Amino acid sequence: MPTWRLRDFRDDDLDRAIQIWDQDRQTDDSPPVFPVSEVMAVARAGGPAVVAVVGDDLVGMAVAQVQGERAWITLVALAGNWRSRGIGSALIAELERRLRTQGIRRIGALLAPGATGTAALENSGYRTRAGLVFYEKVEHLGASDAGLLAELGGRVQPGGLWAALAGMEREKETIERRIVLPLAEPALADRYGVTPPKAVILFGPPGTGKTSFARAVASRLEWPFVELFPSRLAAGSAGGLAASLRDTFHELAGLETVLLFIDEVEEIAGVRSGVAVDPGHGVTNELLKLIPGFRDHDDRLLICATNSVRSLDPAFLRPGRFDYVIPVGPPDEAAREAIWRRYLGRAADGVRLHRLVEASEMFTPADIEFAARKGAQAAFEREVTNRRGTPADTEDYLAAIADTRPSLTEQALTEFREDIERHVRM
């Protein structure tokens with residue numbers, strides 16, 4: 001029987017330590033009080049951190065964090081086949097020895113019931129304190145996350161984007177009920193047995209607002225937003241598109257909370273040809289492997305958008321990778337009126353809005369925004385020339401509508417309705 005020994009934590013222990021922590025998380029449904037990124041940052045900064053090794057293999061780890069005259073044990077993790085052998089108690093004893101040399105006499109630990117380390121703590125003389133309630137408020141972006149977020153080209157979205165979404169109330173209600181609310185109220189969702197989504201697909205014709213919805217969800221949740229551009233992935237990696245995709249997901253793992261948005265996902269998840277040497281085959285395979293790992297972490301959401309859900313590889317659409325496949329269709333009359341009012345602002349009271357709504361039947365929200373700006377620009381240029389104080393009128397906007405090519409076609413609408421029948425899951 002091989003024996004174990006204790007030693008100091010080293011930076012090259014990091015990957016194995018995270019693997020052991022992940023193994024513990026798979027058997028423990030309760031979220032950890034101290035996230036792994038915080039624990040590892042303390043260990044790497046020189047906080048009391050001890051590991052147990054068998055030969056060169058790391059099989060256990062314990063970390064403490066000092067705060068004034070008190071210390072908190074933030075992690076006790078053990079490899080599955082090395083539990084119940086006294087390693088946990090030995091790790092805790094070594095932490096205590098090191099803390100005593102720093103003058104620490106009061107040591108606490110916050111663990112979920114039944115988590116790894118509870119037995120070792122009880123065997124080491126620690127006692128539970130009944131009648132206490134743990135309160136926590138999480139700010140989703142710390143200083144270290146801010147730097148990484150900037151490197152990834154992401155940012156925290158402005159507040160109020162969700163409330164500012166005009167029209168598309170049917171889609172907005174679906175996305176709020178299925179995506180936003182379970183993530184915004186996780187404790188209530190858990191009480192009712194609702195599992196918050198980890199990955200969703202939005203599909204629909206171009207310009208219907210899929211990107212706007214993704215940004216608005218991030219704004220509503222107050223989560224950092226990172227957009228991954230498939231067309232830019234290969235530029236930064238000598239290993240090609242698949243390697244760049246893998247590197248990006250690895251960097252994203254450093255963010256405690258993130259909404260990752262991939263637009264035009266069909267570029268990296270299209271139907272595979274079946275030929276192993278096809279570059280697209282390898283990229284799709286890589287993404288299929290990366291999604292389960294992304295789903296393993298709390299407070300993360302992947303939103304993929306596509307104009308053509310039928311062009312996605314069937315394996316990509318199977319249940320288990322994506323919780324919902326939600327259509328985002330063209331605006332109906334009520335939605336077009338709301339969108340026109342949003343972009344016309346005060347000018348909406350001076351035009352015959354119903355005529356604009358009727359004339360823009362095949363318009364997407366993006367088309368309406370363009371026509372509204374074009375009509376306003378025409379009225380502005382006329383005023384610069386004539387100086388008569390004449391505001392933009394109905395005819396200005398009707399002329400702009402006539403001069404705008406609608407994004408929607410009858411064929412696109414037919415395909416969209418067919419895709420709803422075949423692919424919707426919500």
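Trypsin sites (Lys or Arg not before Pro), restricted to region 350-402: which are DSSP loop and have at most 11 other Cβ atoms within 10 Å?
387, 388
Taking amide H atoms as placed 1.01 Å from N in the peptide plane, list the residues 5 or more away in sequence, or in a different chain, whose amide H sits under 5 Å from that of residue 271.
Those qualifying (amide H under 5 Å, at least 5 residues apart or on another chain) are 313.
In nm, to one decimal, how far is the modelled label at residue 405 from the one at residue 188, with both set 7 Å along Cα→Cβ?
Distance between label points: 4.7 nm.
For residue 45 and residue 212 in one chain, what is 0.36 nm times their gap in residues minus the Cα-Cα distance, to one decimal in nm?
Stretched out fully, the residue 45 to residue 212 stretch lengthens by 56.1 nm.
I'd like to know how region 143-330 sits against the 2.2 N^0.38 Å rule of thumb: what's its Cα Rg over that expected value?
1.01
Can you work out the PRE-style zone for residue 23? Point 7 Å along Cα to Cβ, and I want the residues of region 77-96 with backbone N under 19 Å.
Under 19 Å, as judged by backbone N against the label point of residue 23, lie 77-92 of region 77-96.
Quick one: if the Förster radius is 41 Å, what FRET efficiency do residue 54 and residue 424 give, using the C-beta to C-beta distance and rounding to 0.05?
Numbers: r = 51 Å, r/R0 = 1.25.
FRET efficiency, residue 54 to residue 424: 0.20.
Do any trypsin sites (Lys or Arg not before Pro) in region 43-98 lie in a DSSP loop with no more than 16 other beta carbon atoms within 10 Å, and if so, which? If you can, show how the numbers build up before the last one.
Numbers: sites: 44, 70, 83, 85, 97, 98; in loops: 83, 85.
Qualifying residues, ordered by number: 83, 85.
Taking 0.36 nm per intervening residue step and subtracting the Cα-Cα distance, what contour gain separates residue 358 from residue 163 on full extension?
Contour length minus Cα-Cα distance gives 67.6 nm.
If you take the beta carbon distance between residue 177 and residue 83 as r and set R0 to 30 Å, what does 1/(1 + (r/R0)^6) give as a FRET efficiency, to the nearest 0.05?
0.15
How high is the FRET efficiency from residue 112 to residue 232, r the C-beta distance, R0 51 Å, rounded to 0.05?
0.80
What number results when the radius of gyration of region 292-426, computed over Cα atoms, is divided by 2.2 N^0.38 Å?
Scaled against compact globular proteins, the figure is 1.42.
Give the Cα extents of the chain along the principal axes, in whole Å, largest first.
Projected onto the principal axes, the Cα atoms of the chain cover 87, 53, 42 Å.
How about region 52-143: which chymotrypsin sites (Phe, Trp or Tyr not before Pro) there lie in a loop by DSSP and see at most 10 other Cβ atoms within 10 Å? Before the final figure, lay out each step's value.
On the way: sites: 72, 82, 126, 134, 135; in loops: 126, 134, 135.
Passing sites in region 52-143 are 134, 135.
Nearest 500 deg cm²/dmol is fine: what mean residue ellipticity at 222 nm does the chain get from its DSSP H runs of n ≥ 4 alone, each adding -39,500 (n - 2.57), divided by its residue count?
That comes out to -13000 deg cm²/dmol.
When only Cα pairs under 8 Å and 6 or more residues apart are kept, what is the percent relative contact order across region 333-402?
In percent, rounded to a whole number, it is 38.
Give me the percent relative contact order of the chain, please, defined on Cα pairs under 8 angstrom at least 6 residues apart.
Relative contact order of the chain: 13 percent.
Read-outs: derived from the displayed coordinates by stated rules, not from any lab. Note that this is a predicted model, so its numbers are computed, not measured. Every residue, glycine as well, gets a Cβ built from its backbone with ideal geometry; the counts of neighbours run over all protein chains shown.
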